[in-house]
Amino acid sequence: MARHAVGRIAPEELDLFDETAQAALEHGADRGRRHDDPLGFGADDASAVLVTTVAVGVAQDVLKSLAQQAGASLSGRLTAWFAGRRRSRAANADGAPEDDASPDGRATDTAPQLLTAEQLDGVRGVAQRRAVLLGLSEERAGLLADAVVEFLSGHGDAPR
């Protein structure tokens, strides 16, 4: 999620993403930050890695928020989806195309939409607030939040 966001709004940081993200995870994205050390772990060129550090902190908060929301709703939907897949395959054991198969009979294996539009809006709010708290401008925080929602809704692949 963080890599996707960085790839969207600061692709020039991708070369240092792994090292910067690891340092942010080890030292905390915002623990111990000083005014003269905006990253909190002593990087010399803060302007080159700030979005990565913020994206890691945002990803941590978004995942915590999603874990709190997940509970019975997500579990129930996943259970129903898997049960439906098992029933569909069992009912079609005679070789007939499955309900969720493509016209040529291959299963499409499309996953359910795990987050509603309302939940994605909530995630966007969490991501944007956290990004601003970690030092991004409102504009860049909005772009980062959009990238997080894009990733979670399955509309984007993480850059490599």
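The values are calculated or read from the model by the stated rules, or taken from the named source; none is laboratory data. Quantities reported herein were computed from a predicted structural model and do not represent experimental measurements. All Cβ positions, glycine included, derive from the backbone under ideal geometry; neighbour counts span all protein chains shown.
A quick yes/no check of all residues on (1) of a type outside the set (A, V, I, L, M); (2) in contact with a Ser or Thr (Cβ under 8 Å, 6 or more places away or on another chain); (3) at pLDDT 85 or above:
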site: Val54; (1), (2), (3): no, no, yes
site: Gly57; (1), (2), (3): yes, no, yes
site: Ser88; (1), (2), (3): yes, no, no
site: Asp94; (1), (2), (3): yes, no, no
site: Ala101; (1), (2), (3): no, yes, no
site: Ala131; (1), (2), (3): no, no, yes
site: Glu138; (1), (2), (3): yes, no, yes
site: Val149; (1), (2), (3): no, no, yes
site: Gly156; (1), (2), (3): yes, no, no
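Could you go through segment 31-38 and let me know if any residue there is surrounded by 11 or more Cβ atoms within 10 Å (Cβ to Cβ), modelled with pLDDT under 55, in contact with a helix residue (DSSP H, G or I) (Cβ under 8 Å, 6 or more places away or on another chain) and part of a helix (DSSP H, G or I).
no
Between a first residue in segment 14-41 that is closer than 18 Å to Met1 by Cβ and a second residue that is at pLDDT 90 or above and not in a helix (DSSP H, G or I), which pairs have beta carbons less than 7 Å apart while being 6 or more apart in sequence or on different chains?
Sorted first by the residue in segment 14-41, then by its partner, the pairs are Ala29/Leu134; Asp30/Leu134.
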